[in-house]
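Novice: Here you go, one structure.
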Amino acid sequence: MVVTCTSFGINGIDGYRVEVEASSRVGLPVFDLVGLPDAAVKESRDRVRSALTNCGYPMPSAHFVFNLAPADIKKEGPIYDLPITVNLMRLSGYIKADLKDCAFIGELSLSGRLRGINGVLPMVITARECGIKKIFVPAQNASEAAVVEGIEVYPVSSISQLKTFLDGNCTIAPAKPQSKSKISSNNFLPDFSQVKGQLEAKRALEIAAAGGHNILLIGPPGSGKSMLAKRVPSILPDMTLAEMIETTKIHSISGTLHGDGLITTRPFRSPHHTVTAVGLGGGGTGTIRPGEVSLAHHGVLFLDELPEFSRSALEVLRQPIEDGTITISRSGQNCTYPCSIMVVAAMNPCPCGYFGDPKHTCTCSPVKIKRYLNRVSGPLLDRFDIHVEVPPVEFTELRTKRRSEPSAAIKQRVDRARAIQQLRYKDSGTTCNAKINAGQFEKYCVIDKEAEDTLKTAFEAMGFTARAYDRVLKVARTIADLEEEEVIRSHHVLEAIQYRSLDRKYWSI
């Protein structure tokens, strides 16, 4: 006798269909699992046996064979406990219901209760695309799975509850999606109104948010670099539903949702400078997991004390920052994760932090300063569109009673600039000014004659690379958008050039 039920697996951030086949025949009590299972899947036999026995459904003495198809894809994790159990109960005569158009995913405890699993959202999305009408998931994952419309999600607490429901002796209400009224964005984020002074840095961060530009903050300790960076999400545009779903899929796979539903605020990830290249980019010895660059997808990756990061970790960032995706290759497995991020980095100008500070004496030798700054490679530095100096805050600014501009007011200007960009790049694949490719400059970055002369003079005098030239033009495009001007003018270019001058001040030592 052969029975089949549907389950799903994860590859990258997408799910794929798995047919769980089961067969039994008379013979010695044997429990075989085939279909390229990993160690966690093979251990299902012990969890399933114990769960069924402890729930009062002893296994008959027979030879059982389970196949997880397609057999050429490695199956990972304990998510197949539930479909294996359902098939075993069908072969044993405990379940007689028709399971057509149903799917099952979940891990079992030894007592027969279901535990939460990772990656439910992408699997449920794939289930809907495959025409599945009902999917049974652990109760802990119900709010996450209910995000997907067009499929009934049934939260299950135990195999006893599932059997009773399939027999028609109880009801399980399908999980309801999160109310739209609860999908709020930046209500509880740190606000720029709490920051005293630093008008130049705030202006630079506004431009960065408006165009999706990467920004590097340089200044002495205590000047407020981290404080400013943590407030960037409060001025970014609200997430679209597609962005929410894609971001939630990544966090679902990584296991960082903790039972929450849809992620509605842009992520802010701030890894410690001791993070490894694998922790930053993703990977691992067993299952490939997304790293910090992917967990920050559609949000902000904040790198505090940038030169303190290992060289190998920083070099991992170069390609993902440029391409918006990162591909991790392991023996027999490749995974591509999206990482469309805004990078905000902060650093001191020297090891002691006071090089160039008029109020403190720097104790570092020129050799130590140069060695410290050279930890940030030229190619990586070039990938920051904006470099801005963050000076110490004056006492009078700290004691002023005047309230700083709130994030809501800055966000309104950012939203208007992003709306202009969405209309401009409609159907082009570009999402913001920072993502303009080389073939789009002539069409979208129109400059007048005076601005062109200014840019030419700066290019020759400051020795810009081709990449630096592109960055200046992109930032100037954003500054023009903030002023709602279609043509880039000379003062837009001059302000953009100002944000490329600090590398000459510090890195030319």
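Novice: Counting only residues that are over 27 Å from the mean Cα position of the chain (by Cα), open to solvent by 50 Å² or more (accessible area, probe 1.4 Å) and of a type outside the set (Phe, Trp, Tyr), how many does the stretch 464-481 have?
Specialist: Number satisfying all stated conditions: 2.
Novice: Listed residues 481, 427; which is out of contact with any Lys or Arg (no Cβ under 6 Å at 6 or more places or on another chain), assigned to a helix (DSSP H, G or I) and over 28 Å from residue 223 (Cβ atoms)?
Specialist: 481
Novice: Can I ask one more? Since residue 450 meets every condition but one in (1) of a type in the set (D, E, K, R); (2) part of a loop (DSSP other than H, G, I, E, B); (3) touching a residue at least 40 places away in the same chain (Cβ under 8 Å), which condition does it not meet?
Specialist: Tallying (1) of a type in the set (D, E, K, R); (2) part of a loop (DSSP other than H, G, I, E, B); (3) touching a residue at least 40 places away in the same chain (Cβ under 8 Å), residue 450 fails exactly one: (2).
Novice: Picking from 12, 106, 112, which residue would you name as being under 29 Å from residue 151 (Cβ atoms), at pLDDT 90 or above, open to solvent by less than 50 Å² (accessible area, probe 1.4 Å) and in contact with a Ser or Thr (Cβ under 7 Å, 6 or more places away or on another chain)?
Specialist: None of the others qualify; the one that does is 112.
Novice: Continuing with the same structure: Can you tell me which residue among 484, 495, 397, 450 is exposed (fewer than 12 other Cβ atoms within 10 Å of the Cβ) and among the acidic types (Asp, Glu)?
Specialist: 484
Novice: Further question: Show the residue pairs that are 6+ apart or on different chains and have beta-carbon atoms under 9 Å apart, the first residue being within the stretch 473-494 and free of Cβ contacts under 8 Å to residues at least 40 places away in the same chain, the second being open to solvent by 80 Å² or more (accessible area, probe 1.4 Å).
Specialist: 476/489; 476/494; 480/486; 480/489; 483/489
Novice: Would a scan of the stretch 422-431 turn up a residue that is touching a residue at least 24 places away in the same chain (Cβ under 8 Å) and among the hydrophobic types (A, V, I, L, M, F, W, C)?
Specialist: no
Novice: Considering only the stretch 25-91, give the helices (runs of 4 or more DSSP H) lying wholly within it that have at least 1 residues that are touching a residue at least 24 places away in the same chain (Cβ under 8 Å), under 20 Å from residue 102 (Cβ atoms) and open to solvent by less than 30 Å² (accessible area, probe 1.4 Å).
Specialist: Here the list reads 44-54, 81-91.
Novice: Name the single residue, out of those in the stretch 342-377 being outside any loop (DSSP other than H, G, I, E, B) and without any contact (Cβ under 8 Å) to a residue 40 or more places away in the chain, that is most open to solvent (accessible area, probe 1.4 Å).
Specialist: Among those residues, the one meeting the criterion is 371.
Novice: Okay, moving on. Which of (1) over 25 Å from the mean Cα position of the chain (by Cα); (2) open to solvent by 70 Å² or more (accessible area, probe 1.4 Å); (3) among the polar types (S, T, N, Q) is the odd one out, the single condition residue 412 does not satisfy?
Specialist: With respect to (1) over 25 Å from the mean Cα position of the chain (by Cα); (2) open to solvent by 70 Å² or more (accessible area, probe 1.4 Å); (3) among the polar types (S, T, N, Q), residue 412 is out only on (1).
The values are calculated or read from the model by the stated rules, or taken from the named source; none is laboratory data. These figures come from a predicted structure and were not determined experimentally. Methodologically, a virtual Cβ is constructed for each residue, glycine included, from the backbone with ideal geometry; neighbour enumeration extends over all protein chains shown. When the accessible area is computed, the model is the full protein with side chains, heavy atoms only, and any ligands, DNA or RNA have been set aside. Shrake-Rupley method; radii C 1.70, N 1.55, O 1.52, S 1.80 Å.
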